[in-house]
Amino acid sequence: MSSDLALDGGKPVRDTFLPFALPSVGEEEIQEVVETLRSGWLTAGPRTKAFEEAFCAYTGAPHALAVNSCTAALHLCLLGFHIGPGDEVITTPLTFAATANTIMMTGAKPVFVDVEESTYNIDVSLIEQAITKNTKAVLPVHIAGLPANMEPILKLAERYDLRVIEDAAHAAGARHGDLKVGDISDATCFSFYVTKTITTGEGGMITTRNQQFADRVRMLSLHGLSRDAWNRYSQKGSWYYEIVDLGYKYNMTDIAAAIGLHQLRRIDEFTRRRREIARRYDEAFGKYEAIILPPRDSSVSEHIYHLYTIRLRLDRLSITRDRFIEALRAENIGTSVHFIPVHLHPFYRKEFGLGRGSFPVAEAIFDSIVSVPIYPGMSNGDVVDVVAAVEKIMAAASR
Ligand SMILES: *Cc1c(COP(=O)(O)O)cnc(C)c1O
């Protein structure tokens, strides 16, 4: 193929590389971290507590526990519901490692159910047939920031006495009907990893309506001790504690919470900007028959576009998906793929005898998707560059 593509030696759309994702950290965050360091209280303390309270106020959930990752949050929620060896948890294969790995960490078995062509979320019509006498929970993932259709999941959970744990790593700030994600089901897990909708560097949060569950996951987050460090070391606290269960060391630090407090204040502004960028991409990419736009707001859910994932109709292109990614890289545009389905990874193939053909919808989506940059720190010029790079490749590779 000869063309003006940078891949073929032409001039790239941009002189400098546009990273796939970048955090938006402001002066307030920096000042709060500095004050935290000066305060002498670096680990879980007053700022972590304030972040939890602010997160409750934002989501409407009555209880929140700040932890050091969404992975920790998922692990704790599974343990919080006493899920372990012999149990099964139904989830989606189109997700990050953490979703399935944390189920494995408890000794339980992840049971994958294919995704919907239209939303990339778990196909609720396939969940019931996957339920066995060992099923303890359903773990939907709100992929890319579009909340899964929760009503049928909650109904099934009630009928079969299952817990619902939401992987909302992509969905902090999203709405589902009249509710914010975080106040819909038994337990919701958020990520504040550096690429997510808001960040604390590394971090996560559990929200729940259930006081007993909240107390249990808090206990499990700190060595299974009967009281947390904040209580132990404050003036009111005492030296005495008991190990009441096998716990972990999953607490958030006040340094991280200092960042989170200010990120949370900006969450709706971030969402507005990502949705605005998504509209521009929709307009620009909607012209091409070779591009399937990402799912949009559903009748019940608002898409917050943590990711903007285009799907290529490879039968209408003279290049492969991998070559498309290389071509964007050459134009100085960063991309990623969300996700390699979990069941295609060597560990899961070997463990469960899964592979190509096990979940055809997730596999077909994986084979044809590319996520392009979408974050509040992008300038309008950056957005124009992404559009120009995609248009350039389309002009060279459409058929
Ligand atoms: C990022 C991510 C996680 C894990 O979040 P961490 O905070 O990095 O542990 C879990 N699930 C999904 C779908 C993710 O994208």
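The values are calculated or read from the model by the stated rules, or taken from the named source; none is laboratory data. Remember, it's a predicted structure, so these values are computed and weren't measured experimentally. Cβ atoms come from the backbone with ideal geometry, glycine included; neighbour counts cover every protein chain shown. Accessible surface is based on the protein model in full, side chains and every heavy atom, while ligands, DNA and RNA are left aside. Shrake-Rupley method; radii C 1.70, N 1.55, O 1.52, S 1.80 Å.
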Got a number for carbon plus sulfur as a percent of the stretch 1-158's accessible area, 1.4 Å probe?
56 percent
Normalise the Debye intensity by I(0) for the stretch 7-123, one equal point scatterer per Cα, no solvent, then take log10 at q = 0.11, 0.19, 0.23 Å⁻¹ and round to two decimals.
-0.68, -1.11, -1.25
Multiply the residue separation of Ser24 and Val194 by 0.36 nm, subtract the distance between their alpha-carbon atoms, and state the gained length in nm to one decimal.
60.3 nm
Specify, per residue and in Å³, the volume enclosed by the convex hull of the alpha carbon atoms belonging to the stretch 137-189.
62 Å³
Extension gain, Met105 back to Ser379 (0.36 nm per residue minus Cα-Cα distance, nm)
94.5 nm
Considering the chain as a Gaussian network with a 10 Å cut-off on Cα pairs, which listed residue, Val342, Val194, Val181, attains the greatest mean-square fluctuation?
Val194
Report, in listed order, any pair from Lys155/Lys180; Lys155/Lys196; Lys133/Lys180; Lys109/Lys133; Lys11/Lys392; Lys49/Lys249 with a Cα-Cα distance greater than 22 Å.
Lys155/Lys196; Lys133/Lys180
I'd like to check one number: the per residue accessible area of the stretch 292-394, probe 1.4 Å, reported in Å² as a whole number.
38 Å²
Provide the FRET efficiency to the nearest 0.05 for the Ala395-Glu276 pair, computing r from the beta carbons and using R0 = 35 Å.
0.85
Leaving ligands, DNA and RNA out of it, report the carbon-plus-sulfur percent of the accessible area of the stretch 199-317 at a 1.4 Å probe.
49 percent
Multiplying the sequence separation of Arg265 and Arg316 by 0.36 nm and subtracting their Cα-Cα distance, what value in nm do you get?
14.0 nm
Nearest 10, in degrees from 0 to 90: the angle of helix 27-39 to the longest Cα principal axis of the chain is 30 degrees
Express the carbon and sulfur contribution to the solvent-accessible surface of the stretch 331-372 as a percent, rounded to the nearest whole number, probe 1.4 angstrom.
58 percent
Return the single residue from Thr309, Thr106, Thr16 with maximal mean-square fluctuation; model: Gaussian network over the chain, springs between Cα atoms under 10 Å.
Thr16
Where the stretch 126-180 is the region considered: accessible area per residue in Å², 1.4 Å probe
40 Å²
Could you sort Arg399, Arg159, Arg218 by their accessible area in this structure, using a 1.4 Å probe and putting the largest first?
Arg399, Arg159, Arg218
So if R0 is 30 Å, what FRET efficiency would Lys155 and Asn134 give, r being the distance between their Cβ atoms, rounded to the nearest 0.05?
0.90
